[in-house]
Amino acid sequence: MSDFQELLSILHLERGDADTFIGAHPSKNPIRTFGGQMMAQAFVAAGRTLDRDLPPSALSVHFIAGGDPALDLEFRVARLRDERRFANRRVDVVQQGQLLTTALVSYLAGGSGLEHGIEVPAVDDPCGLPPIDELLRGYEEVVPHFVNALRPIEWRYSNDPAWVMRDKGERLTHNRVWMKAKGAMPDDPVLHGAALVYSSDTTVLDSIITTHGLSWGYDRIFAVTTNHSVWFHRPFRFDDWVLYSTTSPVAAASRGLGTGHFFDPAGRPFATVVQEGIVKHFPGRA
């Protein structure tokens, strides 16, 4: 299977009972389960327990322990609320009896109302930007974990990625990346939402280190996500180009905050992301 087909495969959860699901890992994994994968699968598990079509409004995830990619994940859904226009779910991600992650998902059919949004950043069209494979060429030994990672999502950086920026001796307080699924997705809003959740765990912490002129691979950096939230503002498709614009408003006490906005092809913000991570820098070349 292609990497994109693998993503769709792991988002197809096996149902144990009405509120329990089993999720597999793909063929390419980091040492611990990729957080974006775990969140995306939890999002799917929650959505499969709804008895009516309600759009998601928010996802909030707390990471408690790392997952073992050699073992399946169990998703236990608690139905907290079900009303005509509202629903809430809690999803506990468990592996061999250990709680790894807890996710809260809320759904709301809000109808029309006031609208405004931040302006989309001025960036080049994705079709004229190099694919991620070109930006990794020559850096295979610097960032091998990126080179060897599952890449079901097409990335087109509008700025230099961290490793290129670091090679040039520059700093960058933001990162802006065009993204879209590497294939046509089914007409299932749950899967499009899951693809966004999966992708939202990439590049969001980069601005913490690029603000200081650092990069993965070049510098000794330890980073792990502690919590992650996504707010969904309007419908979208993730097999169209979307822009993920991220910054870091603060880093202190060995923790850093990354914030991001997803913009649709019309330039409207359709999702907002906030992620906190433990980020430690040990001076000296990696």
Inset, instruction - Work from the charge dipole of region 209-286 (Cβ charges, +1 for Lys and Arg, -1 for Asp and Glu, about the Cα centre) and give the residue of 258, 283, 224 farthest towards its positive end. - result: 283
Inset, instruction - Could you list 1, 39, 179, 185 in order of exposure, starting from the residue whose Cβ has the fewest other Cβ atoms within 10 Å? - result: 1, 185, 179, 39
Legend entry - Signed unit charges on C-beta, dipole axis of the chain, positive-most listed residue 21, 80, 42: 80
Legend entry - GluC sites (Glu not before Pro) within region 140-181: DSSP coil, no more than 13 neighbouring Cβ in 10 Å: 140, 141, 170
Legend entry - Calculated Rg and Dmax of region 236-278 using C-alpha coordinates, Å: 12.7, 39
Legend entry - Cα-centre dipole for the chain with unit charges at Cβ (Lys and Arg positive, Asp and Glu negative), debye to 20: 640
Inset, instruction - Can you tell me the relative contact order of region 18-117? Whole percent, Cα pairs under 8 Å, sequence separation 6 or more. - result: 32
Inset, instruction - Among 10, 31, 64, rank each residue by its count of other Cβ atoms within 10 Å, from fewest to most, as a rough exposure measure. - result: 31, 64, 10
Inset, instruction - Set Lys and Arg Cβ to +1 and Asp and Glu Cβ to -1, take the dipole of region 50-131 about its Cα centre, and tell me which of 102, 118, 128 lies farthest positive. - result: 102
Legend entry - Mean separation of Cα contacts under 8 Å (6+ apart) over length of the chain, as relative contact order %: 18
Legend entry - Low-density loop cleavage sites - GluC sites (Glu not before Pro) in region 45-136, where at most 12 other Cβ are within 10 Å (DSSP): 83, 115, 119
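Every read-out reported here was derived from the displayed coordinates using simple, explicitly stated rules and does not represent laboratory data. This is a predicted model, so every value here is computed, not measured. Because the Cβ atoms are built from the backbone with ideal geometry, glycine has one as well, and the counts that use them run over all protein chains shown.
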